[in-house]
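Any read-out appearing in this document is the output of simple, stated calculations on the displayed coordinates, not a laboratory observation. In this text, all values refer to a predicted model and were calculated from it rather than measured experimentally. Every residue, glycine as well, gets a Cβ built from its backbone with ideal geometry; the counts of neighbours run over all protein chains shown.
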Amino acid sequence: MDLLLLFLLSFIGVCAGQDVLPPGPVDAIAGGNVTFTTQVGTPDYIAMVWNFGSGQHVATASSQGVKVNTKYAGRAQMDSKNGYLTLTSLVSEDSGIYTISIVLSDGTTNDGTIELRVLKPVSDAIIKSNLPEAIEHNSTVVLNCSAKGSFLKFTWTNGTTPIVADGKRLTLAQEGTSSMLTITDVFRTDLLGPIYCTAANNLQMNKSPPFNLTVYYGPDAVTISPMMTKEFIPSNANFNLSCLTTSSPNATFSWYHSQQLIEGSGQVLTLEAIKAAGLGKQKEEYTCRAQNAKTQRTVTSSGVSFSVIEVISGVKVTGPTDILIAGNSSANISCQATAGTVQTMIWLKDGTALAPSSHRVFSNNQSSLLISPLSREDGGEYTCQLINPVSSGKASYTMVVNYGPEAVKVKIDRDVPEKHDVTLTCLVLSFPPAALTWKFNGTVTGTTTDKYVIKGAADTKSGTYTCEAYNAVTGKTTSENTTVSVKPEVDNGLSDGAIAGIVIAVIVAMCVAIGLILYCRQKVPVESPY
């Protein structure tokens, strides 16, 4: 019967059966199942025949039931109502073109074809690189992703971000079961990753394990911190310079002083290292160089310039220790510090700047002062102030100049009337203060203070008074005389009581006279002019 149907189909005109089968291809996994569906509903047919390839019979449905080719026994089932064909335990050899022919009861025939693709399972996606490591801007990295499976398509992602070829620096190419990503002049960000490759077909997908490739880069621009330094650095400061850059692997650092290598320096250059190398005494430039052993690149920073100045300490002023006498002695005062660089020296006397004069001479470096001869005005406090850009210090010395006595003068407070106390004052310039002796007409009075009081002055106390001053240090004695004349009292006439009596008498007399005049005028008759 089957042979007869096949024979009849070969002679019956074939009608183009529209949409007998859905569009293909149909994909199925090896070892799995597939069902070919029809789009004819439940036709009134004489026979429905499925063939594979160039005419290999698979199954036939007719009034006598469904017959399956021996080759497909146990793997093929056909629905006699609608012509659906199911194949199980698929193998790759099942891939190909399947044809159904439906002989309808009116003698017409509808045919349909569909392609079956039996796909191998997608697996074993893996990325391999042409380089074990890369150098930024120098290396061209080729990543190859291979996988097992059929009809594969590949996609690449950096983390979760798709990698899109730009046709220039990044290109993608696929050949068979592998895909190749080429990155020219690789950037450090290109492979930060992880990088994934996904192989897929219509039914399955497989993602590669994460892939990472080290891209070495740098050093980038090198900077020194702090970049802005003071022109002068104190020798006792907590001062360091740090060299900063971005680099993979970490850069190694070296420091240069006026283009000369500072031995033993690293990322941090300390002030102690600068001083240990005997540097910093002058203002010069310091630079840092960063080198990457992998990229073989060396980058030099901009320079910073400064000098290291020792802090001034231990300032001391020294002067004469002998007794100094004005007009006879001279003095040499000197100033020095136990440590530090002195750039400016200022001398003060009693807080006022001291300038050279005819008897004051400074040394060339201002470290000493010669005063010759000394005068009484030279005594006082001498201060030496030492200054540099990072510190200052000062010290003082008090110089005592002995002088006098000189300019002795005796003052009397007022004229000397008889019987009144009179004070004489002795003024004298002397250091130390002079010892005073008062004399009257050449005779020592026993008074040794600066004031001499004449009690109840009388004529007998008129005469010459002398103030004698003696300085035990200078050995000098000076005196001053003044003459005192006591004036006797003058008799001025009536006493106060007598004067008062006279005044009262005059007033009474004047009153009596006025009364008499008024009385007389009342007694004399006055003639009438009429």
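Expected output is a single nm value to one decimal: the length gained when fully extending between Gln343 and Ser89, i.e. 0.36 nm times separation in residues minus the C-alpha distance. What is it?
Fully extending the segment from Gln343 to Ser89 adds 81.3 nm.
Subtracting the Cα-Cα distance from 0.36 nm times the residue separation, let me have the gained length for Lys153 to Leu131 in nm, one decimal.
5.5 nm
With labels modelled as points extended 7 Å from the Cα through the Cβ direction, what inter-label distance (nm, one decimal) is found for Ser123 paired with Thr298?
Taking the simple label geometry, Ser123 and Thr298 are separated by 5.6 nm.
From the square roots a ≥ b ≥ c of the eigenvalues of the alpha-carbon gyration tensor of segment 205-248, which class results: rounded (a/c under 1.5), prolate (a/b over b/c), or oblate?
prolate
Which of the peptides 224-237, 392-405 is most tightly packed, and how do the rest follow, going by the mean number of other Cβ atoms within 10 Å of each residue?
Details: 224-237: 14.6, 392-405: 18.3.
Going by the mean number of other Cβ atoms within 10 Å, highest first, we get 392-405, 224-237.
Using only alpha carbon pairs under 8 Å that are at least six residues apart, calculate the relative contact order of segment 2-119 and give it in whole percent.
Reported as a whole number, the value is 36 percent.
Modelling each spin label as a point 7 Å along the Cα-to-Cβ direction, I'd like the Thr443/His420 distance in nm, to one decimal.
2.6 nm
Report, ordered by chain and residue number, the lysines lying within cross-link reach of Lys409, taken as a straight Cα distance under 19 Å and ignoring same-chain residues fewer than 8 apart.
Partners found: Lys439, Lys451, Lys476.
Counting only C-alpha contacts under 8 Å and six or more residues apart, can you give the relative contact order of segment 123-216 as a whole percent?
37 percent
Pull up the DSSP beta bridges for the chain and report the antiparallel fraction as a percent, rounded to 5.
90 percent
Sequence neighbours fewer than 8 away in the same chain don't count; with that in mind, list the aspartates and glutamates whose C-alpha is under 16 Å from Lys487.
Lys487 reaches Asp413, Asp415, Glu418, Asp421, Asp459.
Counting each DSSP H run of 4 or more residues in the chain as -39500 (n - 2.57), what helix-only mean residue ellipticity at 222 nm follows after dividing by all residues, to the nearest 500 deg cm²/dmol?
-2500 deg cm²/dmol
By how many degrees, between 0 and 90 and to the nearest 10, does the Cα long axis of helix 496-523 differ from the longest principal axis of the chain?
For helix 496-523, the angle is close to 80 degrees.
Can you list the lysines whose alpha carbon sits under 19 Å from that of Lys81, skipping same-chain ones fewer than 8 residues off?
Candidates past the 8-residue exclusion: Lys67.
Hey, of (1) 1.19; (2) 2.78; (3) 1.01, which did the structure itself give for Cα Rg over 2.2 N^0.38 Å when calculated?
(2)
Could you work out how far helix 2-11 tilts from the main Cα principal axis of the chain, as a 0 to 90 degree angle to the nearest 10?
Here the helix axis deviates by roughly 80 degrees.
Please say if segment 223-309 is rounded, prolate or oblate, where rounded means a/c under 1.5 for a ≥ b ≥ c the square roots of the C-alpha gyration tensor eigenvalues, and otherwise the choice is prolate for a/b larger than b/c and oblate otherwise?
Prolate shape, in that a/c is at least 1.5 and a/b is the bigger ratio.
Could you tell me the relative contact order of the chain? Use alpha-carbon pairs under 8 Å, at least six residues apart, and round to a whole percent.
7 percent
Looking at Ser305, Tyr196, Ala434, which one has the Cα that reaches farthest to the positive end of the dipole of the chain (charges on Cβ: Lys, Arg +1; Asp, Glu -1)?
With unit charges placed on the Cβ atoms, the residue in question is Ala434.
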